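Student: Before I ask anything, let me first share the structure, which is written out below as structure tokens.
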Amino acid sequence: SMTRRRLLGCTALTVAMGMTGAGRAFARAAKAGKRKPNVLIIYADDLGYQDVSCYGGTAVPTPNIDRLAAQGLRFTRGHAPSATCTPSRYALLTGEYAWRKEGAHILPGDAPALIPPGKPTIASMLKGAGYTTSVVGKWHLGLGSGDLDWNGRIAPGPLEIGFDYAYYFPATLDRVPSVFIEQHNVVNLDPADPIKVSYTDNISKDPTGAEHPELLRMTPNDGHDGTIVDGVSRIGFMSGGHSARWKDEDIADTLVAKASDWFEKVVGDQPFFMYFAASEIHVPRVPAKRFQGTTGLGPRGDAIAEFDWVVGALVAKLDELGVLDDTMIILSSDNGPVLNDGYNDDAVQKVGEHRPSGPFRSGKYAIYDGGLMVPFIVRWPDAVPAGVESPALVDHVDIFATMAALTGQTLAHDAAVDSFDLLPAFIGATRSGREYVVEDTSTNIAEEDNLKKHSNSIFALVAGDWKVIKPLGQPSSFHGNEIGNGPVPALFNIANDPGETVDLAARYPDRTRTMLARLDTILDG
Ligand code: NG6
Ligand code: CA
């Protein structure tokens, strides 16, 4: 087809033009390649494409993130695998799109482990390449094998799928249990005050947001009125574990400290891999005191400022340990932005001219590109030239195969099936990436009323300049974001119309049909 020919022509041209650049980059990599680089993935939560200044944002300065981009490469077509958290993280870690996996949608805090022990992950693959591995921050991929006892050994979890060290919170900031787990155990748990968790019944004597709004520091909406922890009511109910409950204002400092301690411990002969899953900028947005009121956008903007500080602190630690330039840092976000996501925290009122998803339509939960196009930065001065802006089409699902290529690992035929080795794009040696991406939303969450009617996720296929959205139900929105579903297919020319404003499906029925058929083939494959 036209699209394909044009894409290939363009690829050949950029490869030819980029040859010397590629040669130089590989020479740099080879020279530096006496040892494998450390790998640090910094994964933000709900950070939008234009929430950061190096992607055009002007409302909140993000100097530390901007510096990473200035010293490395910035993808302009970087995709989160899904428009929500759990599926994106599943795809990032396994190299397999989450729609292949039953139940890979936003999980409650008491869900069993989604990634079974034995399934290859980036962590287990890099472990096989001689890396020491860790995860610090948000998990949200389930724990245990059903009916988990939070007071005992919590497994399976990260340690059973390739991580040597884990310091994490189980689900989301707005879900119970609001505690940290280190290795296999809840941190600071008093055995005399055991933890119980329920997402159906109030099993706790602690006050809830529904019954005691006077105890809250911010009012909830759309649920979020269960057990109160640290002045914020959460989704779900928990009893016990009072000494283990987090203080929202301390979370960034705690995670940075844990990551720094681990870096100190492991820096040495073996390379390391850390998946740093930041807490920002997901709700409830309660950044440390020193960030509160610093941006004029309310807590959402202040959380962006906090995230930027976190990035700077991690970078500074690596620098102090003398390993910054030996580390490939990849920074991105699990899904697009949302203003009101369950608490009345002024995000809507104070957004002003700020456009969190930049040129793209809608945000989190949506099949429109605002839900899926995110900041995506790679810094590794040994091989990645500074200040590169790359239009290559890339997806977090590709990080797995790309890291395998970086470390000389061969993948088993059933490992990371959706992941492409895009190392040449990651080091700026080519400006072309994948030929297509499958987008999905995984917003099929039974307890969420306005989505109940959708038994399936919304899907789209992006290939070349074009994007088709598969029909699903009646147009609806979630937490203020239109999610992009509808009874008939939609077709957009995203090269001319990145904001997906003009539906061309009726004008180009053949292209629409062909792309939908291709999408179905991929989904069935
Ligand atoms: C939704 C929550 C939302 C947020 C989201 C998870 C409701 C009505 N909404 O179910 O507040 O917690 O899940 O966000 O409960 S994510 O970034 O982890 O996917
Ligand atoms: Ca998220």
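Student: Suppose we look only past 24 Å in the calculated P(r) of the stretch 363-516. What percent of the Cα-Cα pairs does that tail hold?
Tutor: Of the Cα pairs, 44 percent sit more than 24 Å apart.
Student: To the nearest 20 Debye, how big is the dipole of the chain about its Cα centre, given +1 on the beta carbon of each Lys and Arg and -1 on that of each Asp and Glu?
Tutor: My answer is approximately 1800 debye.
Student: Can you sort Cys54, Cys85 so the residue with the fewest Cβ neighbours within 10 Å comes first?
Tutor: Cys54, Cys85
Student: Using the Cα gyration tensor of the stretch 91-166, with a ≥ b ≥ c the square roots of its eigenvalues, what is the shape: rounded (a/c below 1.5), prolate (a/b larger than b/c) or oblate (neither)?
Tutor: It is oblate, given that a/c is not under 1.5 and a/b is not larger than b/c.
Student: While we're here: For the stretch 40-82, what is the Kirkwood estimate of the hydrodynamic radius, computed as the reciprocal of the mean inverse distance between distinct Cα atoms, to one decimal in Å?
Tutor: Hydrodynamic radius (Kirkwood, Cα pairs) of the stretch 40-82 is 11.3 Å.
Student: Same structure again: Defining a contact as two alpha carbons under 8 Å apart and six or more residues distant in sequence, what relative contact order in percent does the chain show?
Tutor: RCO, the chain: 23 percent.
Student: Right, something else. Please give the charge dipole size of the stretch 183-313, origin at the Cα centre, charges +1 on K and R Cβ atoms and -1 on D and E Cβ atoms. Round to the nearest 20 debye.
Tutor: Dipole of the stretch 183-313, to the nearest 20 debye: 20 debye.
Student: With the convex hull built on the Cα atoms of the chain, state its orientation-averaged projected area in nm².
Tutor: The directionally averaged projection comes out at 22.6 nm².
Student: While we're looking at this one, here's another question. Taking neighbour Cβ counts within 10 Å as the exposure measure, how do Lys364, Lys258 sort from fewest upward?
Tutor: Ordered by Cβ neighbours within 10 Å, fewest first: Lys258, Lys364.
Student: Residues in the stretch 165-187, backbone N under 20 Å from the label point at His212 (7 Å along the Cα-to-beta-carbon vector): list them, ranges by number please.
Tutor: Backbone N within reach: 174-179.
Student: Is the stretch 237-395 rounded, prolate or oblate when judged by the Cα gyration tensor, a ≥ b ≥ c being the square roots of its eigenvalues, rounded requiring a/c under 1.5 and prolate requiring a/b larger than b/c?
Tutor: Oblate, since a/c reaches 1.5 and b/c is not below a/b.
Student: With +1 on the Cβ of every Lys and Arg and -1 on the Cβ of every Asp and Glu, and nothing else charged, how large is the dipole of the stretch 274-382 about its Cα centre, in debye rounded to the nearest 20?
Tutor: 420 debye
Student: At most 13 other Cβ atoms within 10 Å plus a DSSP loop assignment makes a site exposed; report the longest stretch of the chain without any exposed GluC sites (Glu not before Pro).
Tutor: 212-352
Student: From the cross-link list Lys317/Lys350; Lys36/Lys119; Lys101/Lys364, which pairs have alpha carbons spaced over 27 Å apart?
Tutor: Over 27 Å Cα-Cα: Lys317/Lys350.
Student: Evaluate E = 1/(1 + (r/R0)^6) for Thr200 and Glu320, where r is the Cβ-Cβ distance and R0 equals 51 Å; express this FRET efficiency to the nearest 0.05.
Tutor: 0.60
Student: What's the center-to-center distance, using Cα atoms, between the stretch 298-347 and the stretch 91-115 in Å?
Tutor: For the stretch 298-347 versus the stretch 91-115, the Cα centre distance is 23 Å.
Student: Taking the stretch 289-363, how much of its Cα-Cα pair set, in percent, is spaced more than 16 angstrom apart?
Tutor: Counting pairs separated by more than 16 Å, the tail of P(r) holds 61 percent.
Student: Another one. Using DSSP to call loops (not H, G, I, E or B), can you name the trypsin sites (Lys or Arg not before Pro) in the stretch 183-252 whose Cβ has at most 10 other Cβ atoms within 10 angstrom?
Tutor: Within the stretch 183-252, the qualifying trypsin sites (Lys or Arg not before Pro) (loop, at most 10 other Cβ atoms within 10 Å) are Lys205.
Student: Moving on to the next point. Need one word for the stretch 93-241: rounded, prolate or oblate. Basis is the Cα gyration tensor (sqrt eigenvalues a ≥ b ≥ c); a/c below 1.5 gives rounded, then a/b vs b/c decides.
Tutor: Prolate, since a/c reaches 1.5 and a/b exceeds b/c.
Student: Still on this structure, I have one more. Counting other beta carbons within 10 Å of each residue's own, what order do Met373, Met218 fall into, fewest first?
Tutor: So the residues, fewest neighbours to most, are Met218, Met373.
Student: Compute the FRET efficiency between Arg513 and Asp190 as 1/(1 + (r/R0)^6), taking r as their Cβ-Cβ distance and R0 = 60 Å, and round to the nearest 0.05.
Tutor: Calculated value: 0.45.
Student: Between Val310, His242, Leu143, whose Cα lies farthest towards the positive end of the dipole of the chain when Lys and Arg beta carbons carry +1 and Asp and Glu beta carbons carry -1, centred on the Cα centre?
Tutor: Checked the options; the winner is Val310.
Every number in this text was worked out from the coordinates using simple rules, so none of it is lab data. Keep in mind it's a predicted model, so treat the numbers as computed, not measured. Quick reminder, even Gly has a Cβ in these numbers, built from the backbone with ideal geometry, and neighbours come from all protein chains shown.
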